[in-house]
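Notes follow once the structure below has been shown.
Where a number appears in this text, it was derived from the coordinates with a stated rule and is not lab data. Just so you know, these numbers come straight off a predicted model, no measurement behind them. Note: ideal-geometry Cβ built from the backbone for every residue, glycine included; neighbour counts use all protein chains shown.
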Number of protein chains: 2
Amino acid sequence: MVYFDNAATSYPKPKVVYDAIMDAMMEYGANPGRSGHKKALKASRGIFDTRVQIGKLLNIKDPMSIIFTFNCTESLNLGIKGYLKPGDHVITTSMEHNSALRPIVFLDKLGVKHTIVHGDSKGRINPKDIEDSITKETKMIVTTHISNLTGTIMDIESIGKIARKHGLVYLVDGAQSAGVYNIDVEKMNIDMLAFPGHKGLLGPQGTGGLYIRPGIELVETFQGGTGSISHSLEQPDIFPDKFESGTPNAPGIIGLGTGIKYIFEKGIDNIRKKEEDLTMHFIEEASKIDKIILYGTLEKNHHAPVVALNVGEADSSEISYILDEEYDIAVRPGLHCAPLAHKTIGTFEQGVVRFSFGYENTHEEIEFAIKALKEIAKEV
Amino acid sequence: MVYFDNAATSYPKPKVVYDAIMDAMMEYGANPGRSGHKKALKASRGIFDTRVQIGKLLNIKDPMSIIFTFNCTESLNLGIKGYLKPGDHVITTSMEHNSALRPIVFLDKLGVKHTIVHGDSKGRINPKDIEDSITKETKMIVTTHISNLTGTIMDIESIGKIARKHGLVYLVDGAQSAGVYNIDVEKMNIDMLAFPGHKGLLGPQGTGGLYIRPGIELVETFQGGTGSISHSLEQPDIFPDKFESGTPNAPGIIGLGTGIKYIFEKGIDNIRKKEEDLTMHFIEEASKIDKIILYGTLEKNHHAPVVALNVGEADSSEISYILDEEYDIAVRPGLHCAPLAHKTIGTFEQGVVRFSFGYENTHEEIEFAIKALKEIAKEV
């Protein structure tokens, strides 16, 4: 099987990640931060270590300003809905995933207005369009770092500068970038960074997080047991407890920390370079095939390892089905939970076939996929 | 090591659970319900199968009315905050965990009033006290099935009848009961049942769920990608998608399903009987020890495998520390995130040492703990 669906979830994970999860479950599968016995403390320390690893990766000074969530969707919901109040205005882009768009649209009915800045036909967002959309009521800018549809890399550093200049909170969706692209929350003026654990960071499903710049006031999504200030019926106002109610996914978070250590070991620049090479190889060969339409910038340093294409006017689901059934190649068709991004690049009706590459993929697999696409393009 | 902290999380899980999680991660670790390729479909079917197992266990007719969450705290927050509106009134009890009390208290500031019905010194709730608290504005009753502090089993069937008679929604916190005690949402008139995956149901951390009786209108906590109706910026109004945004914990949920199958294989009545036998053995022997104060009903069929105790006036953390350090026995001291329950039984200052037993525990371990308690009681 050839797995080209890494934008949905990275697979396989490094063996050390599976081993760490199993070890955490079997050897010290207690409830961290609840009891004080040895296994509970060991799990608790494992979780803290993951905070430290994430902090190191993203240049976050205080590990306690990183909170763990269930997935990147929860992180985005918390960042958006925990911060904005009736009367506020938020700016986002047409290249966002529904995990950002749907919470923002939901806030409409609570009196939070929004502006959606549109990308160009290659999925690029012009930071100036964002700046031009700022009103007196604007409190926040929400953009993705990398489009999950076209792989277009956004100029988040410029957007961060605009946010800082106008005193706005900048929330970045790192779903497709964390663990592969360099993110420095200080240098990039990122106030909140939402990330999944199970994509580029190489952790398991059921993990995600949100960095919250100290000083930003957020209303928590849940109240509950935090193992702290237990005598009070009010949610504790301390980080990270305020945002982490109930039993966490300790083995998952420990696996995530192991994934990040693996990234340090291999070198994030090496990982990215390999994924970029695979991507450029694929783009170069695919663009030679008659009938294949490629989307995005297709340019090195502007195009992440996510490639959207169509074969003439063929339905994207049909092409994906053939790839899966006849070639055992796993890709993702359809709308990718990013309807406005599809409208932006003109594929709202047809959808696209999305190839997304990971560190475990090889150039041989790319060649095999190209061969498959050539055969399919002849047939349809 | 003797693990008596099963009320925090069950440990160890059956080997088949670890194996199922590993298999799901290593053999088909794709994103379920997102793509249409074989590994994604296999993960998706695994999740559906877990819904079916839970339905079978709890007599839930439509598996799609069971939604998966991160933990029981999220489930309770969703049930409580997704249902109640300004002007409504909710009744709960002093025996609840902070996972129910804190969301209810949080709603105060949004104009949702509450009444807390108090338990007696053994942690028992009189259903009549709940009925007497009903006002014209009452919309919901929230109670735990079993106290996480005293192990007291609540008469949820009688409370369910009261809820039904008065047309109120009844939300039950099954944190300490699901998987060990028989729950029949039809017979017991349970409208919503919150449960963790990682306690009696023997699944991993990072899993939980909420049963929502069809017809109950709940506002979802998160909006985001659901892999369905992706062209729309509005959250889909279909079950379970409405409540399951973003990537689920597929290996975790598949492990949870395996845990439930293990329960069916062993027989829930056999599991409960074994845990009751251990509990009664422990209570009988502990009650003979000078200085040991036991809390709760201590009566068979009224007392679940959770035993709170103190050794004279000694600090509960100190006793737990000695048990851990000198005997390698894992228990949980303190307030157990249930401050009002401690006030109810009079241990708010001292806390208690909580022993909680699981199916993997043995009578030899009980004897060993009793020996340890005897020695400690002599020393302090």
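Nearest 500 deg cm²/dmol is fine: what mean residue ellipticity at 222 nm does chain A get from its DSSP H runs of n ≥ 4 alone, each adding -39,500 (n - 2.57), divided by its residue count?
-12000 deg cm²/dmol
DSSP loop (so not H, G, I, E, B), at most 14 other Cβ within 10 Å: list which chymotrypsin sites (Phe, Trp or Tyr not before Pro) in segment A:314-380 pass both filters.
Numbers: sites: A:TYR321, A:TYR327, A:PHE348, A:PHE355, A:PHE357, A:TYR359, A:PHE368; in loops: A:PHE348, A:PHE357, A:TYR359.
Taking segment A:314-380 and a limit of 14 other Cβ atoms within 10 Å, the loop chymotrypsin sites (Phe, Trp or Tyr not before Pro) found are A:PHE348.
Quick check: net charge around A:LEU256, other residues with Cβ under 13 Å of its Cβ, Lys/Arg +1 and Asp/Glu -1?
Net charge around A:LEU256: +3.
Copy-to-copy spacing for B:LYS300, label 7 Å out on the Cα-to-C-beta vector, in nm, shortest first?
Its label point is 7.8 nm from the equivalent points in the other copies.
With angles folded into 0 to 90 degrees, how steeply does helix A:250-266 sit against the dominant principal axis of chain A? Use alpha carbons for both and round to 10.
60
Sorted from shortest, what are the nm distances separating the label point of B:ASN270 from equivalent points in the other copies, each placed 7 Å from Cα along Cα to C-beta?
5.2
What whole number of Å gives the distance from the Cα centroid of segment B:105-147 to the Cα centroid of segment B:247-322?
Rounded to whole Å, the Cα centres lie 25 Å apart.
State whether chain A is rounded, prolate or oblate according to the following rule on the C-alpha gyration tensor (a ≥ b ≥ c being the square roots of its eigenvalues): a/c under 1.5 gives rounded; otherwise a/b larger than b/c gives prolate, and the remaining case gives oblate. Before the final figure, lay out the partial values.
On the way: a/c = 2.07, a/b = 1.29, b/c = 1.60.
In terms of gyration-tensor shape, oblate.
Quickly work out the A:GLU299-to-B:ASP132 label distance, labels modelled 7 Å from Cα along the C-beta direction, and quote it in nm with one decimal.
7.7
What is the distance, in nm, between label points placed 7 Å from the Cα along the Cα-to-Cβ direction at B:ASN270 and at A:LYS15?
3.7
What order, most packed first, do the peptides A:48-55, B:17-24 have when packing is the mean number of other Cβ atoms within 10 Å of each residue?
Taking the mean over residues of other Cβ atoms within 10 Å, the ranking is B:17-24, A:48-55.
What ranking of A:GLU275, A:GLU375, B:GLU265 emerges when the number of other C-beta atoms within 10 Å of each C-beta is taken as an exposure proxy, fewest first?
Listing A:GLU275, A:GLU375, B:GLU265 from fewest to most nearby Cβ atoms yields B:GLU265, A:GLU375, A:GLU275.
Just add up the charged neighbours of A:LYS187: K/R +1, D/E -1, any other residue whose Cβ is under 12 Å from the Cβ of A:LYS187. Present the calculation step by step, with values, prior to reporting the outcome.
Working: positive: A:LYS161, A:ARG164; negative: A:GLU157, A:ASP184, A:GLU186.
After counting each charged neighbour, the total is -1.
Just counting partner chain Cβ atoms within 10 Å, what average do the residues of peptide B:315-321 show around their Cβ?
So the per-residue partner count for this stretch is 1.
Fewest to most neighbouring Cβ within 10 Å: what's the order for A:TYR262, B:TYR170?
A:TYR262, B:TYR170
Of B:ASP290, B:ASP132, B:ASP324, which has the largest mean-square fluctuation in a 10 Å C-alpha GNM of chain B?
B:ASP132
If I model a spin label at A:LYS85 and B:LYS139 as a point 7 Å from the Cα along the Cα→Cβ vector, what separation in nanometres do I get?
Here the modelled spin labels are 2.4 nm apart.
Could you work out the local net charge near A:PRO240, counting Lys and Arg as +1, Asp and Glu as -1, over the other residues with Cβ closer than 12 Å to its Cβ?
-3
Roughly speaking, what % of Cα-Cα pairs in segment A:320-371 are separated by over 12 Å, rounded to a whole number?
Values: 906 of 1326 pairs.
The calculated P(r) of segment A:320-371 puts 68 percent of pairs beyond 12 Å.
Other chains' Cβ within 10 Å of A:203-215 residues: what's the mean? Please list the in-between numbers first.
Working: counts 0, 10, 16, 12, 3, 3, 0, 0, 0, 0, 0, 0, 0.
Counting Cβ atoms of other protein chains within 10 Å of each residue's Cβ and averaging gives 3.
What is the Cα centroid distance between segment B:335-350 and segment B:1-54, reported in whole angstrom?
Cα centroid to Cα centroid, the span is 35 Å.
Can you give the Rg and Dmax of the protein assembly as shown based on its C-alpha atoms, in angstrom?
Cα radius of gyration and Dmax of the protein assembly as shown are 26.2, 87 Å respectively.
If you count, for every residue in B:103-116, the Cβ atoms of partner chains within 10 Å of its Cβ, what is the mean?
Numbers: counts 5, 2, 5, 8, 1, 2, 0, 0, 0, 0, 0, 0, 0, 1.
Going residue by residue through B:103-116 and averaging, the value is 2.
Could you tell me the center-to-center distance, by alpha carbons, between segment A:148-226 and segment B:195-239 in angstrom?
24
Return one number: the angle in degrees, 0 to 90 and rounded to the nearest 10, between the long axis of the Cα atoms of helix B:156-165 and the longest principal axis of the Cα atoms of chain B.
In chain B, helix B:156-165 runs at an angle near 40 degrees to the longest axis.
Test of understanding: in a Gaussian network model of chain A with alpha carbons linked when under 10 Å, which of A:ILE289, A:ILE253, A:ILE345 would top the mean-square fluctuation ranking?
A:ILE289
Take the Cβ-Cβ distance between A:SER232 and B:LYS187 as r, set R0 to 45 Å, and report the resulting FRET efficiency rounded to the nearest 0.05.
Details: r = 37 Å, r/R0 = 0.82.
So the FRET efficiency works out to roughly 0.75.
Between copies, how far does the label point of B:ASN182 sit from its twins, in nm, shortest first, when each point is 7 Å from Cα along Cα→Cβ?
Output for B:ASN182: 6.5 nm, nearest copy listed first.
What do you get for trypsin sites (Lys or Arg not before Pro) in segment A:183-251 restricted to DSSP loop and a cutoff of at most 12 other Cβ within 10 Å of the site's Cβ?
Answer in residue order: A:LYS187.
Which loop GluC sites (Glu not before Pro) in segment A:276-349, with loop taken from DSSP, have no more than 12 other Cβ atoms within 10 angstrom of their Cβ?
Those that pass, being in a loop and sparsely packed, are A:GLU299, A:GLU313, A:GLU349.
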